[in-house]
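Q: Below is one structure. I have some questions about it.
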Amino acid sequence: MRQSQLFGKTSKTKEAAAASINHELLVRAGFVDQLMAGVYSYLPLGWRVLDRISDIVREEMDAVGGLEVSLPALHPKENWEKTGRWGSLDILFKTKSQTKTEYALGPTHEEVIVPLAKKHIASYRDLPGYWYQIQVKFRDELRAKAGLLRGREFLMKDLYSFHTSAQDLKEYYEQMKDAYLKVFKRCKLDAIVTEASGGSFTKEYSHEFQVETKNGEDLIFRCSCGMVRNKEIVPDLKDGGACPECGKAVEAVKSIEVGNIFDLGKKFSKDFNLKFTDEDGKEKEVIIGCYGIGISRLMGSIVEIHNDKQGIIWPKEVSPFKYHLVSLGDDEKVYKQSERVYNDLVKKDKEVLWDDRREESNAEKLADADLIGISTRLVISPKLGDKIEVKERDSKNSKLVSAKEL
């Protein structure tokens, strides 16, 4: 892609409303545009990053047997009444049609996936089942803030697993823990598995995946014995307080939640009368698990962790392009050389953003490259002759190579 044709421009100025690093850098670098509080448009660079993250998530979900589906975002009121959440879930967006029929905009999909499962699950032979989707969700957050970390509209992966027994769910639950840690590792995030309550989803336990950062909205407590818990389930605990497991002093850590998994048990099966017939011909309720990753939230979290004073530093697997080719000066020879390199890389299926702009100064081009943060920068200039300067965004060092070597 030629940068002169790119939709979305960089900006030197910080928005007054930018209260978080990810909001500031993603807007300034031309990845997103804020429509209103908690709602963003994703420009070409931003959409490419979401695509990269989604592909990583898909690969890891497929590896543990997940089958991808697409479920409606518009839900019938009666399904939410059956679960008791129409009146109890304070983040539920509600809307009414011209016919006065009421609907919910999906913040989560238990109210849709379980009735769907009921049409396809009858026997133990139909289980287990693992279905997931990547879809826009809606939550009526009272205070949408922190850029992509707390939005009213956001992209999310949710997978639901259906089992014949609590033991079968437990085994898959542990597989999913490992799958999630693989996702976050590929995104260059050191996620901490954290015990948490089930919140509005279940009375059973849940686990969150938290990433430590001084700008985090969450507070977790961890101990050298291995205990890690969200403050919400130990509200009286303080930094330096006694660990509920071993009595040693705990450490309070600010963090960002990047994923969560829930043991839903039989709650939603009871609500929708979802049963299966076992090998002995007896009817039993299906056991359900739920596993969520905020794709757009993950994008914001990566920026919160991977940045410097110059801008974003994208990890290679989620970088919008493999290379950012920057042509310096206004020498015709440089642009012809750049075009040859660009075309050759594209033929080799290497994704390249070529800064072919001629009106910007060299300093502006290099500053924009640092702000955008593509993992590898290539520079062609009159001073380098036929050589190309290669520099990784997360390194201070560079090297010179020939076009053939590149």
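The values are calculated or read from the model by the stated rules, or taken from the named source; none is laboratory data. Everything numeric here is computed off the predicted structure, so don't read it as measured data. All Cβ positions, even for glycine, are placed from backbone atoms using ideal geometry, and neighbour counts span all protein chains on display.
Q: Which condition breaks for Glu81 when tested against (1) part of a helix (DSSP H, G or I); (2) of a type outside the set (A, V, I, L, M); (3) surrounded by fewer than 17 Cβ atoms within 10 Å (Cβ to Cβ); (4) under 19 Å from the mean Cα position of the chain (by Cα)?
A: (4)
Q: May I pose another question? Can you name the condition, by its number, that Gly300 falls short on among (1) in contact (Cβ under 8 Å) with a residue 60 or more places away in the chain; (2) farther than 25 Å from Val258 by Cα?
A: In the conditions (1) in contact (Cβ under 8 Å) with a residue 60 or more places away in the chain; (2) farther than 25 Å from Val258 by Cα, Gly300 misses (2) alone.
Q: Restricting to the range 163-176, count the residues that are touching a helix residue (DSSP H, G or I) at 6+ places or on another chain (Cβ under 6 Å) and either assigned to a strand (DSSP E or B) or over 18 Å from Phe268 (Cβ atoms) (or both).
A: 1
Q: Which members of the range 1-28 meet the condition of being closer than 14 Å to Ala369 by Cα, in a loop (DSSP other than H, G, I, E, B) and not small (Gly, Ala, Ser)?
A: Across the range 1-28, the qualifying residues are Leu6, Lys9, Thr10, Lys12.
Q: Sticking with this structure for a sec: List, please: which pairs have Cβ atoms under 7 Å, are six or more places apart or on different chains, and start with a residue in the range 135-160 that is in the same structural domain as His75 (by TED's automatic domain parsing) and of a type in the set (Val, Ile, Thr) and end with one that is surrounded by fewer than 21 Cβ atoms within 10 Å (Cβ to Cβ) and not in a strand (DSSP E or B)?
A: Note: pairs meeting the criteria are Val136/Ala73.
Q: Restricting to the range 1-32, give me the number of residues that are surrounded by 14 or more Cβ atoms within 10 Å (Cβ to Cβ) and closer than 17 Å to Gly300 by Cα.
A: 14
Q: Here is a follow-up. Which one of these is in contact with a Phe, Trp or Tyr (Cβ under 6 Å, 6 or more places away or on another chain), outside any loop (DSSP other than H, G, I, E, B) and on the phi < 0 side of the Ramachandran plot: Tyr342, Tyr291?
A: Just a single option satisfies the conditions, and that option is Tyr342.
Q: For the range 109-155, which residues satisfy the criterion of being hydrophobic (A, V, I, L, M, F, W, C), over 22 Å from Ile91 (Cβ atoms) and not in a strand (DSSP E or B)?
A: Answer for the range 109-155, where residues must be hydrophobic (A, V, I, L, M, F, W, C), over 22 Å from Ile91 (Cβ atoms) and not in a strand (DSSP E or B): Leu116, Ala117, Ile121, Ala122, Leu127.
Q: Assigned to a loop (DSSP other than H, G, I, E, B) and under 25 Å from Ser20 (Cβ atoms): does that describe Gly259?
A: No: the conditions fail for Gly259.
Q: If you scan the range 84-94, which residues turn out to be assigned to a loop (DSSP other than H, G, I, E, B) and either surrounded by fewer than 17 Cβ atoms within 10 Å (Cβ to Cβ) or among the hydrophobic types (A, V, I, L, M, F, W, C) (or both)?
A: Answer for the range 84-94, where residues must be assigned to a loop (DSSP other than H, G, I, E, B) and either surrounded by fewer than 17 Cβ atoms within 10 Å (Cβ to Cβ) or among the hydrophobic types (A, V, I, L, M, F, W, C) (or both): Gly84, Trp86, Gly87, Ser88, Leu89, Asp90, Ile91, Leu92.
Q: For the range 177-215, which positions are acidic (Asp, Glu), assigned to a loop (DSSP other than H, G, I, E, B) and at pLDDT 95 or above?
A: Passing the criteria: only Asp190.
Q: Same structure, new question: For residues that are touching a residue at least 24 places away in the same chain (Cβ under 8 Å) and out of contact with any Ser or Thr (no Cβ under 9 Å at 6 or more places or on another chain), scanning just the range 256-278, find the one that is nearest to Val183 (Cα to Cα).
A: Per the criteria, the residue is Gly259.
Q: Next up: For the range 109-130, check the following and say yes or no: at least one residue is farther than 25 Å from Ala37 by Cβ, exposed (fewer than 15 other Cβ atoms within 10 Å of the Cβ) and in contact with a strand residue (DSSP E or B) (Cβ under 7 Å, 6 or more places away or on another chain).
A: Checked against the condition, which is being farther than 25 Å from Ala37 by Cβ, exposed (fewer than 15 other Cβ atoms within 10 Å of the Cβ) and in contact with a strand residue (DSSP E or B) (Cβ under 7 Å, 6 or more places away or on another chain), the range 109-130 yields at least one hit.
Q: Under 30 Å from Leu298 (Cα atoms), of a type outside the set (A, V, I, L, M) and surrounded by 15 or more Cβ atoms within 10 Å (Cβ to Cβ): is that true of Asp355 in this structure?
A: Considered against the rule, which asks whether it is under 30 Å from Leu298 (Cα atoms), of a type outside the set (A, V, I, L, M) and surrounded by 15 or more Cβ atoms within 10 Å (Cβ to Cβ), Asp355 comes out as yes.
Q: Being in a loop (DSSP other than H, G, I, E, B) and farther than 20 Å from Trp314 by Cβ is the filter here, so list the residues in the range 32-48 that pass it.
A: Those that are in a loop (DSSP other than H, G, I, E, B) and farther than 20 Å from Trp314 by Cβ: Ala37, Gly38.
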